[in-house]
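Below is one structure, written out as structure tokens, with a few remarks after it.
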Amino acid sequence: MKIKTFQALTMTEALRTIKEELGADAVILSTKSVKQQGKMFGLFGRAVVEVTAAIDFDPRQSDQQGHTKGERPSGGSSRQPQFQESFRSSMQQASARTDRVSVSQETLSGPRTPTATMSPDPLPAETGGRPHDHAAPEWTQLAQEVRGLRDLIETTMQPRRAPRRVSLKRLPPAATHFYHDLVRAGLEGGTAEEVLAEAASMLQVGDDESDVALRRAVHRALARSIKVSGPLLSGNDQKKTVIVVGPTGVGKTTTIAKLAAHYTLKEQRSVSLITLDTYRVAAVEQLRMYAKVIGVTMDVALTKREALDFIRRRSKSELILIDTAGRSPMDEAGLRDLRDLVSLDHPLETHLVLSATTRESDLVGGVKGYAGIPINRLLFTKLDETRGYGGLFGLLRTSGLPLSYLSTGQNVPEDLEVAGGERVADLVLGSPLKHVRRETEGVKREA
Ligand SMILES: Nc1nc2c(ncn2[C@@H]2O[C@H](COP(=O)(O)OP(=O)(O)OP(=O)(O)O)[C@@H](O)[C@H]2O)c(=O)[nH]1
Ligand SMILES: [Mg+2]
């Protein structure tokens, strides 16, 4: 065995030197960035990469491989077989640990605290000493090195014990197919790994590792990793003013109609509608038609001041729902207008409505685009138009915003449900949408 620390300006350069000196089988034990001593009292030292590498060489081949060129005594074929066996088993143990935590050049490139130092020439010259003679100097030295290597690997592993991303190798083998299921559902690889690691952490030693038990754990991890807000109104005396914003055509007005119908017809709450969407005549008429059918008031506000006047005028209503014109998250001017319009001097709960059919990167862009508007909830529509819910899940997880409702079709008011973590987990794991329990079920469709 040989352990050596190399310094180079770049990782590529360091790896090239390691390969030249120790051969392609060398294992990287640690990497870190250090300041090289400058010539002037250590000043102006350059940042260099310091890599500690080890090689488990076979002395019978070392001369041909030249791995330890100039650093081993010649004629080094004297290692006792027992040494090698002992050494190999130590290495195997070490590499088994290494496997479990998925150590590689890549994964070791994060910050760590290596303790490696270059060992002195590890192989004694041929002595003829007996392998099990613990007094033999070569045995003592090698045994120390093996112990040292073990300690080194353990120390090196420590930062991996609290990784950001956990290797699938830590999961029960039966769980790895869930990784593929999650990725197929549209989760990014890293998110899928994190969810599976969370699922694995919920399993106790000795737990049943059947597919059913693992699926339950994955389901729980998925459900737990998103926030949900519950229905708009919970307590009987609760009052709220809710404004919906979002990109064009995602279903804002339809969702408002569903909510208005549900709270009016099923929950017998007093509801008022206000629209700030005077962008298209048809938009006003659309909401007016719903208001008429449901039997609620509907006001059209052209300005912020008018909106505030209407909110005050309808202050007896338990629920005031405000519709807005759709704005593309990339339409900066439109978003500025919207931001100004919705900055009302009145407590508002703002729901950003997004379509589940949108890919994750655009969803993230959508949330970023709306960043100037204080968003309190996410509401997803068009779940019936897709089978991939990974984007939706990924956004909920990364944004940390609570999910309010899921819209599952065009029918007013039936196709709307209060969002639940379990439901989202079902969807991600591929349960068919038809099993959706609709909050508004039982409300007679009037439109
Ligand atoms: N399949 C499906 N269609 C929906 C859903 N929600 C709304 N829609 C349909 O999407 C279309 C647009 O709905 P709107 O409610 O007008 O959308 P909007 O966001 O108000 O649109 P703008 O005001 O123009 O920005 C309509 O045809 C709706 O019926 C849903 O959950 N699933
Ligand atoms: Mg609309």
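The values are calculated or read from the model by the stated rules, or taken from the named source; none is laboratory data. Values in this document were obtained by computation on a predicted structure and should not be read as measured data. Cβ placement follows ideal geometry from the backbone for every residue including glycine, while neighbour counts extend to all protein chains displayed. Please note that ligands, DNA and RNA were not included when accessible areas were found on the heavy atoms of the full protein model with its side chains. Shrake-Rupley method; radii C 1.70, N 1.55, O 1.52, S 1.80 Å.
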Matching residues in the range 227-246 - criterion: being surrounded by 24 or more Cβ atoms within 10 Å (Cβ to Cβ) and more than 24 Å from Lys316 (Cα to Cα): Gly246
Residue list for the range 277-317, filter: among the aromatic types (Phe, Trp, Tyr) and more than 16 Å from ligand 2 (Cβ to nearest atom): Phe310
Against the definition (in a loop (DSSP other than H, G, I, E, B), at pLDDT 95 or above and on the phi < 0 side of the Ramachandran plot), how does Val250 come out, yes or no? yes
Residues of the range 285-328 being under 27 Å from Leu363 (Cα atoms) and within 11 Å of ligand 1 (Cβ to nearest atom), in sequence order, are Gln286, Leu287, Asp323, Thr324, Ala325, Gly326, Arg327, Ser328
Going through (1) under 35 Å from the mean Cα position of the chain (by Cα); (2) away from ligand 2 (no atom under 16 Å from the Cβ); (3) more than 21 Å from Val342 (Cα to Cα); (4) not in a loop (DSSP other than H, G, I, E, B) one by one, Leu265 fails only at (1)
Determine whether the range 344-356 contains at least one residue that is more than 13 Å from ligand 1 (Cβ to nearest atom), within 23 Å of the chain's Cα centre (by Cα) and surrounded by fewer than 17 Cβ atoms within 10 Å (Cβ to Cβ). no
Those residues of the range 314-329 which are surrounded by 14 or more Cβ atoms within 10 Å (Cβ to Cβ) and of a type outside the set (Gly, Ala, Ser) amount to Arg314, Glu318, Leu319, Ile320, Leu321, Ile322, Asp323, Thr324, Arg327, Pro329
Could you count how many residues in the range 180-191 are under 11 Å from the mean Cα position of the chain (by Cα) and either of a type in the set (Ser, Thr, Tyr) or over 10 Å from Leu222 (Cβ atoms) (or both)? 4
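Can you pull out the residues in the range 378-389 that are out of contact with any helix residue (DSSP H, G or I) (no Cβ under 7 Å at 6 or more places or on another chain) and open to solvent by less than 50 Å² (accessible area, probe 1.4 Å)?
Taking the range 378-389 and keeping what is out of contact with any helix residue (DSSP H, G or I) (no Cβ under 7 Å at 6 or more places or on another chain), we get 382, 385-388.
Of everything in the range 378-389, those that are out of contact with any helix residue (DSSP H, G or I) (no Cβ under 7 Å at 6 or more places or on another chain) and open to solvent by less than 50 Å² (accessible area, probe 1.4 Å) turn out to be Thr386, Gly388.
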Residue hits (the range 289-317; under 17 Å from Leu338 (Cβ atoms) and free of Cβ contacts under 8 Å to residues at least 40 places away in the same chain) are Val300, Ala301, Leu302, Thr303, Arg305, Glu306, Ala307, Leu308
More than 10 Å from ligand 1 (Cβ to nearest atom) and in a loop (DSSP other than H, G, I, E, B), is that true of Thr241? no
From the list Arg339, Arg397, which one is open to solvent by 10 Å² or more (accessible area, probe 1.4 Å), farther than 18 Å from Lys240 by Cβ and touching a residue at least 60 places away in the same chain (Cβ under 8 Å)? Arg397
So Glu332 passes all but one of these: (1) more than 22 Å from Ser355 (Cα to Cα); (2) of a type outside the set (Phe, Trp, Tyr); (3) loosely packed, with under 14 Cβ neighbours inside 10 Å. Which condition number does it fail? (1)
Is the range 262-272 home to any residue that is within 16 Å of ligand 1 (Cβ to nearest atom), farther than 19 Å from Val300 by Cα and in contact (Cβ under 8 Å) with a residue 40 or more places away in the chain? yes
